[in-house]
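Below is one structure, written out as structure tokens, with a few remarks after it.
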Amino acid sequence: MSTMAKTTKPRRERRQFDDEFKVGAVRLVLDEGQSVGRVARDLDLTESALRNWVDRARADRTQGRTGLTTEEREELRRLRKENRRLRVERDVLKKAAAFFVKENA
């Protein structure tokens, strides 16, 4: 075992950014050609968060050729939620059918 104590940085509190801020940050990367790393440092963001915003904006700008558009992501989210609900309903109906088969046997 190592005798050196591990030092970890405290987790940063989760922050919320409005759409206007995100659009401005993405514009710096896509329209002005600045790197994701530089913009992230300048705006005190994580690179991964900014990269996600850039990827989504790029997909929207190319009508989905480079990834899911915002509209497609929303539809996918809605369909997954509906799918979960339908699975629960199916499972309930299976149990009810099995119960009634036992009752009538």
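Read the figures in this text as sums done on the coordinates, not as results from a lab. Please read all numbers here as calculations on a predicted model, not as lab measurements. Note that each Cβ is placed from the backbone with ideal geometry, even for glycine, and that neighbours are counted across all protein chains shown.
Quick notes on this one:
- For the chain: relative contact order, % (alpha-carbon pairs under 8 angstrom, 6 or more apart): 13 percent
- Phi to ³J(HN,Hα) by Karplus 6.51 cos²θ - 1.76 cosθ + 1.60 over segment 74-81, Hz, x for Gly, Pro: 5, 5, 4, 4, 5, 5, 5, 5
- Highest mean packing first, where packing is the average number of other Cβ atoms within 10 Å per residue, the peptides 86-99, 67-80 line up as 67-80, 86-99.
- Nearby lysines by direct alpha-carbon distance to LYS9 (threshold 27 angstrom, same-chain neighbours under 8 apart not counted): LYS22
- As a length-normalised measure over Cα pairs under 8 Å and 6 or more apart, the relative contact order of segment 17-67 settles at 28 percent.
- Dipole moment magnitude, nearest 20 debye, segment 14-78 about Cα centre, only Lys, Arg, Asp, Glu C-beta charged: 240 debye
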